[in-house]
Amino acid sequence: MKKILFVCTGNTCRSSMAEGLFKDMLKKAKKENNIEVLSAGIFALPNQPASEQAIIVMRDENIDISKHRSKQLTSEMINDVDYIFAMTRGHKQAILQVDPSSDKKIFTLKEYIGESGDIADPYGQSVNVYKESLNEIKNALQKVLEKLDI
């Protein structure tokens, strides 16, 4: 079984939405038994809920992340997964500083699908900004699912 880890700053917005979305995509594709999906934050305060706006926009997708609790990224997580998808180049660089040997399995979400740029942080902003972030993540994840060929 492959393991995928989504990483952002606090694990309450982008990576928690990516985890929920990708699990849902895998389930709909009947591939949920092939991949374990995790998320963490580089500077996460452990055990925090997903942001209220993230819960709202995910509910609009019929995905419930209300039970999500943030996790701090650890070197064990880095070593234990097959792919790491960081939301920004800054996150990727921070992970590489902790574990330079992870360079073959870490990508920004957009880099993996041949695009440039980062997934902007919606933290503290309106539900509309969260929707934009969610749509950007969802579009990227659809391409990730195709590219992973699982």
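Throughout, read-outs are computed from the coordinates displayed, never taken from laboratory work. As the structure is a computational prediction, the values presented were derived from the model and not from experiment. Positions of Cβ are backbone-derived with ideal geometry, glycine not excepted, and every protein chain shown enters the neighbour counts.
Laid out as a table, the results:
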quantity	calculated
Unmet criterion (only one of (1) of a type outside the set (A, V, I, L, M); (2) part of a loop (DSSP other than H, G, I, E, B); (3) under 24 Å from Leu26 (Cα atoms); (4) touching a residue at least 40 places away in the same chain (Cβ under 8 Å)) for Gln142	(2)
Candidate set: region 117-131, residues that are out of contact with any helix residue (DSSP H, G or I) (no Cβ under 6 Å at 6 or more places or on another chain) and surrounded by fewer than 16 Cβ atoms within 10 Å (Cβ to Cβ); chosen: the one nearest to Asp60 (Cα to Cα)	Asn128
Whichever residue in region 19-41 is outside any strand (DSSP E or B) and in contact (Cβ under 8 Å) with a residue 60 or more places away in the chain and, among such residues, is farthest from Glu76 (Cα to Cα)	Ala29
All positions within region 83-120 that are in contact with a strand residue (DSSP E or B) (Cβ under 8 Å, 6 or more places away or on another chain), closer than 20 Å to Asn135 by Cα, charged (D, E, K, R) and outside any helix (DSSP H, G or I)	Asp118
Residue match in region 24-47 (condition: closer than 17 Å to Glu132 by Cα and under 14 Å from the mean Cα position of the chain (by Cα))	no
